[in-house]
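Just below is one structure, and these are the notes that go with it.
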Amino acid sequence: MIRVLQVVNIMDRAGIETMLMNYYRVLDKTKVQFDFLTHRPVQGAYDEEIRALGGKIYYAPRLYPQNYKEYFGYMHKFFEEHREYEIVHSHIDAMSYLPLLAAKKAGIPVRIAHSHSTAIDFDFKWLLKQLFRKKIVKVATNYAACSLEAGRYLFGKKDVKIIYNALNIEKYGYNVQVRDKKRKELNLDGKYVIGHVGRFTKAKNHMFILNVFNKLAEKDQSYFLLLIGKGELMGEVQNYIRAKKLQNRVLILSDRDDVCQLYQAMDLFVFPSKYEGLGMGAVEAQISGLKTIVSDQVPKEVKVSDELEVLKLDENLWIEKIFHTQLEQRKTKYCENYDVKKTVMDLKKYYESLLEKLEK
């Protein structure tokens, strides 16, 4: 059996972590077992399920510059005590440099850096991240990404394995009974529901959504906005909603385990990201049969149906497009590339092939 150490920030309900769980649930665990190294001092939303499935979770120090001495001390001890790992697969973009450097020093033979984005948020670690982005090729042995653009951004011209952010399509398929149930639960009957799923971060561009919705709300009283997610900019979003007196027209739901059902309650999905590694919310929305509008900053791999519309980040364009979008009968859209039942075998073979190369 291959034990793979998956490196993340925290196993909460977010894009990368949900993708890993989608794979983990259907993996043949007699062949491949996932364990998780996180960088938060608290439990994540998926931790209990991981343990129930036979996985282990380890809590490393946070990746703050003032913690680096403590961090490398922890990692040195960790790999000394856990020699069962031949594969370390890191999902924290440029910051993967640090755990992969520790893995290299410990002699871990397969060290995968996985890119999930096409830009780096500007914060106090921005300069360090830019440095680590250049140095990551010195510590990784293999490169993976959720899209070609994400791979090129972090690894340049290196050969990149595209690992699709697969999901259980049956859970996201359109179901009119689920739609009716969720709309009744959320008091959405008679509403034209514009939806968005994503963390409250600069990249997801929530203020753009709110500005567009505010203008639409003036045009038609039936418009309603459903935002699903959590994050550091939620307070800013809530302040805007109060300032514009939209409390009865906007609903924020965070940390949900029924997101696949909440897509059913929507009429239109919007995704105006400033940048994306892929944009899994838009894929999920299309599979659920939703008309979906994304920004031209979202990678082309996000298109899985004819329901997708790509627009520049111009508020007037989005207002006009949404206002004139006609609702049609919804149907599930199947896409093999994102069907975890198909792609899980490819992931298993990928890990096996990396270890086979070591033996030659």
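The values are calculated or read from the model by the stated rules, or taken from the named source; none is laboratory data. Since the structure is predicted, the reported quantities are computational estimates derived from the model, not experimental observations. Every residue, glycine among them, receives a Cβ derived from its backbone with ideal geometry; neighbour counts consider all protein chains shown. Areas reflect the complete protein model, heavy atoms only, side chains present, ligands, DNA and RNA absent. Shrake-Rupley method; radii C 1.70, N 1.55, O 1.52, S 1.80 Å.
Of the chain, which part is the longest with no GluC sites (Glu not before Pro) in a loop (DSSP not H, G, I, E, B) and with at most 12 other C-beta atoms within 10 angstrom?
85-231
Are there trypsin sites (Lys or Arg not before Pro) in region 134-173 that DSSP marks as loop and that have at most 16 other Cβ atoms within 10 Å, and which are they?
Listed in order of number, the matching sites are 157, 158.
Which longest run of the chain has no exposed loop site in it, a site being chymotrypsin sites (Phe, Trp or Tyr not before Pro) in a DSSP loop with at most 13 other beta carbons within 10 Å, and the site itself not part of the run?
By the stated rule (loop sites, at most 13 other Cβ atoms within 10 Å), 125-333.
Provide, for q = 0.16, 0.19, 0.33 Å⁻¹, the log10 of I(q)/I(0) from a solvent-free Debye sum over equal Cα point scatterers in region 55-95.
Cα-only, vacuum Debye calculation for region 55-95: -0.48, -0.68, -1.23.
Could you sort 258, 180, 296 by accessible area so the largest value comes first, with the probe set to 1.4 Å?
180, 296, 258
Which value, in debye to the nearest 20, gives the size of the charge dipole of the chain about its Cα centre, when Lys and Arg are +1 and Asp and Glu are -1 at the Cβ?
660 debye
Starting from the Cα gyration tensor of region 250-341, take the square roots of the eigenvalues, sort them a ≥ b ≥ c, and report rounded, prolate or oblate (rounded when a/c is under 1.5, otherwise prolate if a/b is larger than b/c, else oblate).
rounded
How many Å² of accessible area per residue for region 152-206, probe 1.4 Å?
52 Å²
When all protein chains stay in place, what accessible area (Å², nearest 10, 1.4 Å probe) is found for residue 191?
Only protein atoms counted, so the area is about 70 Å².
Does anything in region 288-323 have its amide N under 13 Å from the 7 Å Cα→Cβ label point of residue 219, and if so which residues?
315-323
Can you pull the one-decimal nm distance between simple spin-label points at residue 258 and residue 309, each 7 Å off the Cα toward Cβ?
Each label point lies 7 Å from its Cα, and together they span 2.9 nm.
Of the cross-linked pairs 135/230; 29/105; 138/202; 182/300; 29/56; 31/341, which ones have a Cα-Cα span greater than 22 Å in the structure shown?
Too far apart for the 22 Å limit: 135/230; 29/105; 138/202; 182/300.
With no solvent and one point per C-alpha, what does the Debye sum give as log10 I(q)/I(0) for region 1-102 at q = 0.24 Å⁻¹?
Evaluating at q = 0.24 Å⁻¹ gives log10 I(q)/I(0) of -1.47.
Suppose only helical runs count, i.e. DSSP H with n ≥ 4. What mean residue ellipticity at 222 nm does that imply for the chain under -39500 (n - 2.57) per run, divided by all residues and rounded to the nearest 500 deg cm²/dmol?
-11500 deg cm²/dmol
Indicate the helices, whole DSSP H runs only, in the chain that combine a mean Kyte-Doolittle hydropathy of -1.0 or more with a Cα extent along their long axis of 27 angstrom or more.
In the chain, the long hydrophobic H runs are 340-359.
Reachable lysines from residue 245, Cα under 16 Å, same-chain residues fewer than 8 places away excluded?
215, 219
Give the separation of the Cα centroids, region 24-84 to region 284-302, in Å.
32 Å
Is the shape of region 38-167 best called rounded, prolate or oblate, per the rule: a/c under 1.5 gives rounded, else a/b larger than b/c gives prolate, else oblate, with a ≥ b ≥ c the square roots of the Cα gyration tensor eigenvalues?
Rounded is the answer for region 38-167, as its axis ratio a/c remains below 1.5.
Would you be so kind as to identify which of 266, 205, 286 lies farthest towards the positive end of the dipole of region 204-320, taking Lys and Arg as +1 and Asp and Glu as -1 on Cβ and the Cα centre as origin?
Value: 205.
Using a ≥ b ≥ c from the Cα gyration tensor of region 191-330 (square roots of the eigenvalues), is it rounded, prolate or oblate, where a/c under 1.5 gives rounded and otherwise the larger of a/b and b/c decides, a/b for prolate?
It comes out rounded by the Cα gyration axes.
Would you check the accessible area of residue 254, probe 1.4 Å, heavy atoms only, in square angstrom rounded to 10?
The value for residue 254 is about 60 Å².
Could you work out the relative contact order of the chain? I mean the mean sequence separation of Cα pairs under 8 Å and 6+ apart, divided by the number of residues, in percent.
Relative contact order comes out at 15 percent.
What trypsin sites (Lys or Arg not before Pro) in region 57-98 are in a loop by DSSP, with at most 15 other Cβ atoms within 10 Å of the Cβ?
Passing sites in region 57-98 are 62, 83.
Enumerate the amide H contacts of residue 167 below 5 Å, restricted to partners 5 or more residues apart or on another chain; note that Pro and chain-start residues carry no placed amide H.
Placed amide hydrogens put 339, 340 under 5 Å from residue 167.
Starting from the amide H of residue 223, placed 1.01 Å from N in the peptide plane, find each other amide H under 5 Å away whose residue is 5 or more places distant or on another chain.
192
Suppose every K and R has +1 on its Cβ and every D and E has -1 on its Cβ; what is the size of the dipole of region 177-250 about the Cα centre, in Debye to the nearest 20?
The dipole of region 177-250 has a size of about 80 debye.
Pop out the ³J(HN,Hα) list for region 156-163 in order, Karplus 6.51 cos²θ - 1.76 cosθ + 1.60 with θ = phi - 60°, rounded to Hz; leave Gly and Pro as x.
Ordered by residue, 3J(HN,Hα) equals x, 9, 5, 5, 10, 8, 7, 10 Hz.
Which ³J(HN,Hα) values, rounded to whole Hz and listed in residue order, are derived for region 43-56 from phi using the Karplus coefficients 6.51, -1.76 and 1.60 in 6.51 cos²θ - 1.76 cosθ + 1.60 with θ = phi - 60°, glycine and proline given as x?
6, x, 5, 9, 4, 5, 5, 4, 5, 5, 8, x, x, 10
Using a 1.4 Å probe on the protein chains only, how many percent of the accessible area of region 1-71 belongs to carbon and sulfur?
It is 50 percent, rounded to a whole number.
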